[in-house]
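Report on the structure given below.
The values are calculated or read from the model by the stated rules, or taken from the named source; none is laboratory data. This is a predicted model, so every value here is computed, not measured. Methodologically, a virtual Cβ is constructed for each residue, glycine included, from the backbone with ideal geometry; neighbour enumeration extends over all protein chains shown. To get the accessible areas, we keep the full protein, side chains included, count just its heavy atoms, and leave off ligands, DNA and RNA. Shrake-Rupley method; radii C 1.70, N 1.55, O 1.52, S 1.80 Å.
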Amino acid sequence: MDELIKDLEEGAGEKGEFLAEIVYERADSLEEMLELLEDMGMEGIKVDFAGDKEDPEEIVITVETTVTVEFYEENPEVKEEMEFTEPACELEQALFRKLAELKYGKSMEIEETKCQLVGDDVCEFRITPKG
């Protein structure tokens, strides 16, 4: 089971990065990016910047419903089998990190600090520049 989870996470990360490139190419603004993400099925996306919006110290993204959460809500037997004990929105982590890297032209780190799959009311992602 651990090997299956690892494969799923790696596949989700690759898909998230690919989606980020598509969103970044098609959107001319943050608002357009958010619209595209909502079209993908994400709901209630909120973005906050710490520091200068053009070179932030931290970006906090809060999402009421992620694609990953929606999948597991529609497939409760799979969710139950996974027994989530830590944040698990790998696709969204890769997508948001890659979007930030494309936007700001530098390597970024991301941490999912809240996740609905472990009982939080939203999924929250914190992005910071590496180093």
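How big, in percent, is the set of alpha carbon pairs in segment 59-131 lying more than 15 Å apart? List each step's numbers first, then the result.
Values: 1371 of 2628 pairs.
In whole percent, the long-distance tail amounts to 52.
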(request) Just need log10 I(q)/I(0) for segment 21-98 at q = 0.27 Å⁻¹, Debye formula, equal scatterers on the alpha-carbon atoms, no solvent, rounded to two decimals. (result) -1.41
(message) Charges on Cβ only, +1 for Lys and Arg, -1 for Asp and Glu, centred on the Cα centroid of the chain; of Phe18, Cys115, Ala88, which one is farthest towards the dipole's positive end?
(response) Phe18
(request) Could you work out the local net charge near Lys106, counting Lys and Arg as +1, Asp and Glu as -1, over the other residues with Cβ closer than 13 Å to its Cβ? (result) -1
(message) Quick check on the chain: helices-only [θ] at 222 nm, where DSSP H runs of length 4 and up contribute -39,500 (n - 2.57) each and the sum goes over total residues. Nearest 500, please.
(response) -15500 deg cm²/dmol
(request) Keeping to pairs on different chains or 8 or more places apart, tell me how many lysine pairs in the chain have Cα atoms under 15 Å apart. (result) 9
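Around Glu57, what is the net charge, scoring Lys/Arg as +1 and Asp/Glu as -1 over all other residues with Cβ under 14 Å from its Cβ?
With Lys, Arg at +1 and Asp, Glu at -1, the net is -2.
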(request) Give the ranking of Met82, Met42 by solvent-accessible surface, highest area first, calculated with a 1.4 Å probe. (result) Met82, Met42
(request) Go through segment 112-125 residue by residue and turn each phi into a ³J(HN,Hα) via Karplus (6.51, -1.76, 1.60, θ = phi - 60°); whole Hz please, and just put x for glycine and proline. (result) 8, 8, 9, 8, 5, 5, 10, x, 6, 7, 9, 9, 10, 10
(request) Take each of the peptides 73-79, 114-120, average the number of other beta-carbon atoms within 10 Å over its residues, and list them starting from the highest. (result) 114-120, 73-79
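Within the chain, which complete DSSP H helices have Cα atoms spanning at least 20 Å along the helix axis and a mean Kyte-Doolittle hydropathy of -0.5 or higher?
90-104
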(message) Working only with C-alpha atoms, what are the Rg and Dmax values of the chain, expressed in angstrom?
(response) 14.4, 44
